[in-house]
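Notes follow once the structure below has been shown.
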Amino acid sequence: MSRTLPPGWYPDPNAPHLERWWDGTAWTDHRRAAEGPGPPRPVGGASGRAKAVALTTSGVVLLAAIVSGAFALARGDGDDVVADTAPTVATPPPSTAPSRLDDELDGISLPLPDGWAPAKYVTRDNVVMTTDGGKVFTHTLPANPGASPASLARKDIPQAARSSYAGIRSHRVVGSERVAVAGCTGYLVRWRVKAAQGSEGYVQSLVFAPAPGGPQDAVVVRFAFDAGPEGPPLADMDRITDGIRSVRR
């Protein structure tokens, strides 16, 4: 408390809700409730604690005014006030990405897992879908009544590996089994290959006849997936294989 203040009642530094008598040089033991009568309090000479109390009170009053104004806006009080309305939530347009890809040439329809898309261009290998580090393409095998899907798949897998990875140094068979595809019996062979430059990947040849009782042409679906995080999940091979359907009539 500044010693230049005249004697009088001032907020008690130790209890701001009370007033304490300042005799001009020191605090006395006389206290009273803050709302009691007394001389006006000097504004400039109030203690830092008294200023904090005043600022807090002003803040409460300002907050009450803001809240009251917000409720007034919500009710639409006043001629120039527009009533609050609920925000409009934009509805995203429906996805236009296809979920399947029809290969009319070979008479089959293949599912498109997440991240896969139809090839922009048809090459001599007839690539039908691609993703980062992966591709799937189809090919019609010439009629060969004496060949089984298993023999055709085993014959095709080396060519499938060479067409996808240059300079195959070694391979390991990781899958060889009969499967049901598009309502008929098929066969798949899956290799893990290591190329000359050190890259590794998985290749698969899946052979089946999509039109039982019709022409004896068979269809081979070739898969090539880079190994590791650079390629798609290996489970996509199974998802695509399980989802193949015949579209021949």
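Quick rundown of the values:
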{"quantity": "Cut-off under 5 Å, modelled amide H: who pairs with Ile168 long-range", "calculated": "Ala196"}
{"quantity": "Spin-label model distance (nm) - His17 vs Val173, 7 Å beyond Cα toward Cβ", "calculated": "9.0 nm"}
{"quantity": "Accessible carbon and sulfur surface of the stretch 140-249 relative to its total accessible area, %, 1.4 Å", "calculated": "48 percent"}
{"quantity": "Whole-number accessible area per residue in Å² for the stretch 126-249, which is evaluated in the context of all protein chains at 1.4 Å", "calculated": "49 Å²"}
{"quantity": "Karplus 3J(HN,Hα) series, Hz, for the stretch 181-192 with 6.51 cos²θ - 1.76 cosθ + 1.60 (x for Gly, Pro)", "calculated": "10, 6, x, 9, 8, x, 8, 10, 10, 10, 10, 9"}
{"quantity": "Exposure ranking of Lys155, Lys120, Lys135 by accessible area [1.4 Å probe, largest first]", "calculated": "Lys120, Lys155, Lys135"}
{"quantity": "Asp238-Gln197 FRET efficiency (beta carbon distance; Förster radius 25 Å; 0.05 resolution)", "calculated": "0.35"}
{"quantity": "Extended-chain gain in nm, criterion 0.36 nm per residue less alpha-carbon gap, Cys184 and His30", "calculated": "45.0 nm"}
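The values are calculated or read from the model by the stated rules, or taken from the named source; none is laboratory data. Just so it is clear, the structure is predicted and the values come from calculations on it, not from any experiment. Don't worry about glycine lacking a Cβ; one is built from the backbone with ideal geometry, like all the others, and counts go over all protein chains shown. Keep in mind that these areas ignore ligands, DNA and RNA; they rest on the heavy atoms of the full protein, side chains included. Shrake-Rupley method; radii C 1.70, N 1.55, O 1.52, S 1.80 Å.
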